[in-house]
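Below is one structure, written out as structure tokens, with a few remarks after it.
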Amino acid sequence: MPLAPTGPGTPSAYHGSPYDQTLYGPPGRPSAAPGPPLYGMQAPPYGQSPYGPGAYQPGSYGYPAAPFYVPPVPSNGMGLAALVLGIVGTVLAPTVVLGVVLGVLAIVFGAVGRVKARKGEATNPGQALAGLILGGVGLVATALMVIVYINIDVDDSDGPAPDDDPGATYGAYLSAPVLIVDRPASR
């Protein structure tokens, strides 16, 4: 069947769509897409398919590209926090309160960090273990400091200090009067 003549009012005179017969041509003839554009048609912009936007590119075989696999980022925060709290808790053991609080927190964070490392969510089991151990050392050092504070012997044999005697004046430190009682000597 021959092609329709082109002229005003004929369907082939209007190039409204890239999908009309002029782009593909009649069956059995080569397509006009790979070659230069036909007379009166504009070439598609660089990087776009002549078949319109969203068409599959050559070699895609109809499936979109798979997204790249991004491995999960390890969460090493618990092990690191346990290590830092264990070190600070051990150093501040003489302050008793901070030694206890930081030691307990180091033990808790160290245990949670070890569990995360065992599950594969973290990559620092050594830091978590070190924090757990240092938290225990901080608690033991705090307990020893409490024992030391309780057993400190305050030597009061020198007499009252000037601040303890309300009747004392500047530089005049007199002892309290002593009552001397004469007793007969025992034989």
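The values are calculated or read from the model by the stated rules, or taken from the named source; none is laboratory data. Every value quoted in this text rests on a predicted model; they were computed, and no experiment measured them. Cβ atoms come from the backbone with ideal geometry, glycine included; neighbour counts cover every protein chain shown. Ligands, DNA and RNA are stripped out before the accessible areas are found, and what is left, the full protein with its side chains, is counted by its heavy atoms. Shrake-Rupley method; radii C 1.70, N 1.55, O 1.52, S 1.80 Å.
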The simple spin-label model distance between Ile147 and Val96, using points 7 Å out along Cα→Cβ, in nm, is 1.6
Protection proxy (average C-beta count within 10 Å per residue), highest first, orders 117-127, 78-88 as 78-88, 117-127
Under a 1.4 Å probe, counting only protein heavy atoms, Thr90 has an accessible area in Å², nearest 10, of 40
Per-residue accessible area, 1.4 Å probe, largest first, puts Tyr69, Tyr149 in the order Tyr69, Tyr149
